[in-house]
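Everything below concerns the one structure shown next.
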Number of protein chains: 2
Amino acid sequence: MPKPDRQPLGVDLARTAKAATRAFDDALAAAGGSRPVWLILISLKTRAMANQRELAEAVGIQGATLTHHLNAMESAGLITRRRDPANRRVHLVELTAAGDTTFHALRTAAVEHDRRLRDGLSDADQAELARLLARLRENVAPA
Amino acid sequence: MPKPDRQPLGVDLARTAKAATRAFDDALAAAGGSRPVWLILISLKTRAMANQRELAEAVGIQGATLTHHLNAMESAGLITRRRDPANRRVHLVELTAAGDTTFHALRTAAVEHDRRLRDGLSDADQAELARLLARLRENVAPA
DNA sequence: GTCAATCTGTTAGGTGTCTATCGGTTTCGG
DNA sequence: CCGAAACCGATAGACACCTAACAGATTGAC
């Protein structure tokens, strides 16, 4: 029998990521936040970042995009930015009390989303999926 | 030993899709096109679409977004739009000769990209990946 | 037969991302 | 020490995507 002529792998991957991202966006919006804000908050919370460049890399976006979000978050009172006295090129980004409150609200939504996403997948399934995704990333990594 | 506290599944998925999409974008750009244009062309080529709504669904975008791309593609001379005489609400979208030429150029790039993406994955790996991705889509599907 | 509901596609406005470029700051070679 | 290079973050402009609201065309209930 001829092979079933599947969907190109990239299309399948993109559709899945789009659906999952959309569901996550909705969950975070219902909790009063957004995906980029959540990623920034959790990065700031889990370990201190030396500078914005490092923070951008942790979040997986470009520095210019991060600036955009930090501006909005600063206006919303979630973070503060101040010059590092030791190196005046660097901006130190710090969570405010409001930022901390938002972090906890979004964490609840994020944990619930991850639980939903993993539903019905054994530990072995999850490990296998992580392995396959890692391989895909290697395959498309720039030479 | 404690479990290694992996990356949330959604983050892993999003990062992989972003990297793969980016690589695909670059490949298509080098061939003189773009990802949305490619998806529209292949949808039009593989089977006739009854209307734009169906086309948008095949591509995986909203109708309004499709309109945007069709406007650009019409300006670029890749497609033509005309009213269906049988139902004047419907726009019939058709490829021009230039659209067909672009389609073939992009197909070469797309096939090469898919080959690169699958590199090192056995048929069993690919089937397993497709199964796992399908499960994730089910998990996040709206109730 | 007429008018409201529905269907199709467009327009308007907003978000998130990118690249390219710039201004301010530090470092370091000569 | 001083000026070029490197570094950090911000700004400008662009693109793809979304939702909401709209206009033209058709259908169908009365």
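Read-outs: derived from the displayed coordinates by stated rules, not from any lab. Quick caveat: nothing in here was measured; it's all calculated off a predicted structure. Cβ atoms come from the backbone with ideal geometry, glycine included; neighbour counts cover every protein chain shown.
Points to keep in mind about this one:
- Residue A:63 label point (Cα plus 7 Å toward Cβ) to equivalent points in the other copies: 4.4 nm, shortest first.
- Environment charge at residue B:67 (Cβ cut-off 13 Å; Lys +1, Arg +1, Asp -1, Glu -1): +1
- Note that the protein assembly as shown, at 10 °C in a medium of 1.306 mPa s, gets a Stokes-Einstein diffusion coefficient of 74 µm²/s from its Kirkwood radius over C-alpha pairs.
- Residue mean of other protein chain beta carbons inside 10 Å, B:125-132: 5
- Size descriptor, Kirkwood hydrodynamic radius, that averages inverse alpha-carbon separations across segment B:28-110, Å: 12.8 Å
- Crossing angle, helix B:35-46 versus chain B [Cα axis fit, 0-90 degrees, rounded to tens]: 70 degrees
- Each peptide in B:44-52, A:108-116, A:33-41, A:8-16 receives the mean, over its residues, of other Cβ atoms within 10 Å, and ordering these scores from highest gives A:33-41, A:8-16, A:108-116, B:44-52.
- Shielding by partners for peptide A:57-64, expressed as the average number of C-beta atoms from other protein chains within 10 Å of each residue's C-beta, is 1.
- Simple point charges give the picture: +1 on the Cβ of Lys and Arg, -1 on the Cβ of Asp and Glu, and for segment B:2-101 a dipole about the Cα centre of about 220 debye.
- Net +/- balance of residues flanking residue B:107 in space, Cβ distance below 11 Å, scoring K and R +1, D and E -1: -2
- Label-point gap, in nm, between residue B:125 and residue A:53 - each point 7 angstrom along Cα→Cβ: 3.4 nm
- The Cβ shell under 12 Å around residue A:93 holds other residues with a net charge of +1, Lys and Arg each +1, Asp and Glu each -1.
- Counting Cβ atoms of other protein chains within 10 Å of each Cβ in A:23-30 and taking the mean gives 2.
- Gain in span if fully extended, residue B:64 to residue B:83, counting 0.36 nm per residue against the direct Cα distance: 5.1 nm
- Peptides B:120-127, B:84-91, B:23-30, ordered by how many other C-beta atoms sit within 10 Å of their residues on average, highest first, read B:23-30, B:120-127, B:84-91.
- Set of aspartates and glutamates with alpha-carbon distance to residue B:18 below 14 Å, sequence-local pairs under 8 removed: A:12, A:57, A:138, B:26
- Exam field: residue B:76 pseudo-label spacings to other copies (7 Å along Cα-Cβ), nanometres: 3.5
- At 7 Å out from Cα toward Cβ: residue B:45 inter-copy label distances (nm, ascending): 4.7
- Against chain A, whose longest principal axis is taken from its Cα atoms, helix A:97-118 shows a tilt of about 10°.
- With respect to chain A, whose longest principal axis is taken over its alpha-carbon atoms, helix A:63-75 is tilted by about 60°.
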